[in-house]
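The values are calculated or read from the model by the stated rules, or taken from the named source; none is laboratory data. Values in this document were obtained by computation on a predicted structure and should not be read as measured data. Here Cβ is always computed from backbone atoms with ideal geometry, including for glycine, and neighbour counts include all displayed protein chains.
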């Protein structure tokens, strides 16, 4: 059974700091991995999608890496801003024809001005 | 390009009642998935519909049921509501059964009293 863990559960940083959010998964046989952002009480906004054959994806100040063999992904946020404050969720789509996404519980990020 | 639209945004129901939640998929997407997100948790997969047929289901009882229509919009029905059904219900759409990642709606907040 695929399980996804995100560490830390919460993170508070000053504005301008570079930071890394971690995601680990128990079964390396994944189809792809997706990072989402969720503002309080709202839906999910897709940030980055990494296919199983890829090592990283970049969008603006965000960079996500994938090490499938070790079951890890990291989301790097450069020059953090107060507007980056949100919960960041990691989700894997298991391989073997599974249609579902398996989510971690998220990392709640607070960027202080 | 329109995104995923869910209705209603908020709903209060009494234990034992039935509820129907609606989702319009993103233009060009033929796959719809439903997720339940309890407070402080990651979303949990309920089921997925592809071309009007259910093709994957999570660990939810039969009182959770769904439909997908020819225009790829979808409904989630929950019968005999229980207090633990209180959660944010998220709809996600994709093409080709999720190969290109998933786009989520803003969710429906269901409160069962």
Query raised in the report: Among the numbered criteria (1) closer than 21 Å to residue B:43 by Cβ; (2) more than 14 Å from the chain's Cα centre (by Cα); (3) free of Cβ contacts under 8 Å to residues at least 24 places away in the same chain, which single criterion is violated by residue A:54?
Result: (1)
**Report entry** Lone qualifier among A:13, A:111 - being buried (at least 18 other Cβ atoms within 10 Å of the Cβ) and more than 15 Å from the chain's Cα centre (by Cα)
**Finding:** A:111
Report task. Being within 14 Å of chain A (Cβ to nearest Cβ) and at pLDDT 90 or above narrows it down to one of B:38, B:80, so name that one. Result -> B:38
**Report entry** Residue that is touching a strand residue (DSSP E or B) at 6+ places or on another chain (Cβ under 7 Å) and within 12 Å of another protein chain (Cβ to nearest Cβ), where the choices are A:97, A:106, A:71
**Finding:** A:106
Report task. Could you identify the single residue in B:98, B:107 that is modelled with pLDDT under 95 and either within 20 Å of residue A:100 (Cα to Cα) or surrounded by fewer than 20 Cβ atoms within 10 Å (Cβ to Cβ) (or both)? Result -> B:98
Query - Matching residues in the range B:65-85 - criterion: being surrounded by fewer than 18 Cβ atoms within 10 Å (Cβ to Cβ) and under 22 Å from residue B:42 (Cα atoms) - result: B:65, B:75, B:77, B:82, B:83, B:84
Query raised in the report: Hey, residue A:56 hits all of (1) more than 30 Å from residue B:7 (Cα to Cα); (2) surrounded by 17 or more Cβ atoms within 10 Å (Cβ to Cβ) but one; which does it fall short on?
Result: (2)
Query raised in the report: How do the strands (runs of 3 or more DSSP E) wholly within the range B:1-101 filter down when requiring 3 or more residues that are closer than 26 Å to residue A:94 by Cβ: which remain?
Result: B:31-37, B:44-50, B:53-57, B:64-68, B:74-78, B:87-94
**Report entry** the range B:38-48, residues that are surrounded by fewer than 21 Cβ atoms within 10 Å (Cβ to Cβ) and within 11 Å of the chain's Cα centre (by Cα)
**Finding:** B:44
